[in-house]
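Novice: Sending over a structure as structure tokens; questions will come in a sec.
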Amino acid sequence: MNIKAMQKKWLAIGAEVEETGYAKTGYDFNLNVAADNVHPLAELMLAEGFYLVFVTAVHALPAIEVVYQFAHTGSSRCRVIARTAVRADGTVPTISDVYQGANWHEREARDFYGVVFAGHPNLVPLILAEEDVDLKPLLKEEKNLKDVSALRHLPAGAEPEVKTATAAAKKEPAATDKKAAQPQASN
């Protein structure tokens, strides 16, 4: 695999690409992608021989983020973390039609965070009981939210950006609104 060529392909689909130190972070690249580019990214990663390690979510300011880890083993190891902010309506496109293993990961993220994966074929509760569908156990209280930059690996010498929950909520109310994280009816 040609890493430089991969970086160009990631940039071509609109990803922000940051090279990280595997020894410090456990991954080689950090990608930030818009929600609309998640599916094209998954298709690209599969076409390039990457497998999906996991899908999860993080509740932070300014919005819930869905986090994907992809890995490539072969002539050269490459681990990639891709992140996308959940849209104001609480959705992110599914990648379960590209990576079948994403099916359960996405259902789990819906159970715990209320993220709705648009286009998912069976977005029903996986872990929580049907009567607990409105319970989102991993959503934090607003006063306990940290800025997403405080949760990420920072390059040497960089300082994390510190925001309070109240200030960030005033800037982007839809992204942190609990209604945005509520599940929508599934098929």
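Novice: Can you give me the distance in nm between label points at Ala150 and Glu18, each placed 7 Å from the Cα along the Cα-to-Cβ direction?
Specialist: Using points 7 Å along Cα→Cβ, the separation is 1.6 nm.
Novice: Now for a different question. Just to check I understand the Karplus step: with θ = phi - 60° and J = 6.51 cos²θ - 1.76 cosθ + 1.60, what whole-Hz values come out for the stretch 16-21, glycine and proline as x?
Specialist: Values, residue by residue: 8, 10, 10, 7, 10, x Hz.
Read-outs: derived from the displayed coordinates by stated rules, not from any lab. On a predicted model such as this, the values are computed, not experimentally measured, just so you know. Counting neighbours? That spans all protein chains shown, and the Cβs are built from the backbone with ideal geometry, glycine included.
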